[in-house]
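Here's the structure we're looking at; comments come further down.
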Amino acid sequence: MVTTAMFVAAVYFLLPVVWLAISATKSASGLSTTFGLWFSGNHFGENLRDTVTFGDGLYLRWLANSALYSVVGAAAATLLSAMAGYALAKFTFRGRSFTFSTVLAGVLVPPTALAVPLFLMLAGAGVTNTVWSVLLPSMISPFGVYLARVYAAASVPDELLEAGRIDGAGDVRMFYTVSLRLMAPALVTIFLFQFVAIWNNFLLPLVMLTSDRLYPVTLGLYTLNTQISRDPDLKAVVVTGSLLSIIPLILAFLALQRFWRTGLAAGAVKD
């Protein structure tokens, strides 16, 4: 029963990807006149060429923008979340519980509710329609702080930190040389969650950016999709571009999944 349910769930989630891969091999007219889940000729090479050469390489610029926003934003969010979560888990200070409760409240706030306030703040700072208008909000992850706090409390033994302090290591050195390594599985999870969230983000760039040279691939494909009624040939470009846009997500998952390990702290502390 469980296997059947998992199989049905896998088919449900993979079916759109299969449709996308098949549709990328069709011509623009074939997308509307043939069955969606079966091949009709092989125009993938032509579609690929049209996609990467669209607008003198504009699609490739969108991919590069998405990579910049996602990698830099996710890396910064992971480091900041690790610092904040570690501090909340291992240090006692006034207002710690209130701070953590505020972080939990931030997890519950939908990103759409923050789009307009963020725009007003960044517009006042004069950084709208720049890469910073997308990067700065992407560097904050309340869920990442929560996950880092929970994992730091469970995986970083207090005895190990005390031993390091006795040996003369400061808190900063202990954090970067010991704690970060023990928290690696959580940090990879935070990075992947944030990377996917930023890569798929649509509303924030839509609100912040006006120059198509700064668009991420999600917003760029959306603008192309709105022009299909005037230029039907763009349909094949949108479908092929959508297929290419999911490849970095798959590669990121495959490259980082090997870092999901448990028991890294096993044996670090003797009973």
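How far, in nm, would the chain grow between residue 93 and residue 226 when pulled straight, counting 0.36 nm per residue and subtracting the alpha carbon separation?
Using 0.36 nm per residue and subtracting the Cα-Cα distance, I get 42.6 nm.
With r as the distance between the Cβ atoms of residue 159 and residue 112 and R0 = 41 Å, compute the FRET efficiency 1/(1 + (r/R0)^6) and round to 0.05.
Approximately 0.40, to the nearest 0.05.
What's the percent breakdown of Cα-Cα distances in segment 58-265 across 5 Å bins, shortest bin first?
Percent of Cα pairs in each bin: 1, 7, 13, 15, 16, 14, 12, 9, 6, 4, 2, 1, 0, 0, 0.
Excluding the sites themselves, what is the longest stretch of the chain that contains no chymotrypsin sites (Phe, Trp or Tyr not before Pro) in a DSSP loop with at most 16 other C-beta atoms within 10 Å? Intermediate results must be reported in sequence, preceding the final value.
Values: sites that count: 35, 38, 39, 91, 93, 202, 260.
Result, exposed sites excluded: 94-201.
Express in nm, to one decimal, how much length is gained between residue 181 and residue 105 on full extension, taking 0.36 nm for each residue of separation and deducting their alpha carbon distance.
Answer, rounded to one decimal: 24.5 nm.
With 5 Å bins from zero, work out the P(r) of segment 23-93 over every alpha carbon pair and list the percent per bin.
Histogramming segment 23-93 at 5 Å steps yields 3, 14, 12, 11, 10, 10, 8, 7, 7, 6, 5, 4, 2, 0 percent.
What number comes out for accessible area per residue over segment 81-145 if the probe is 1.4 Å? Units Å², please. Display every interim value, and only then the final one.
Values: 3730 Å² over 65 residues.
On a per-residue basis, 57 Å².
Using a 1.4 Å probe on the protein heavy atoms, what percent of the accessible area of the chain belongs to carbon and sulfur?
68
The values are calculated or read from the model by the stated rules, or taken from the named source; none is laboratory data. For clarity, every value in this text was computed on a predicted model and none was experimentally measured. Positions of Cβ are generated from backbone atoms using ideal geometry, with glycine treated the same way; all protein chains shown enter the neighbour counts. To get the accessible areas, we keep the full protein, side chains included, count just its heavy atoms, and leave off ligands, DNA and RNA. Shrake-Rupley method; radii C 1.70, N 1.55, O 1.52, S 1.80 Å.
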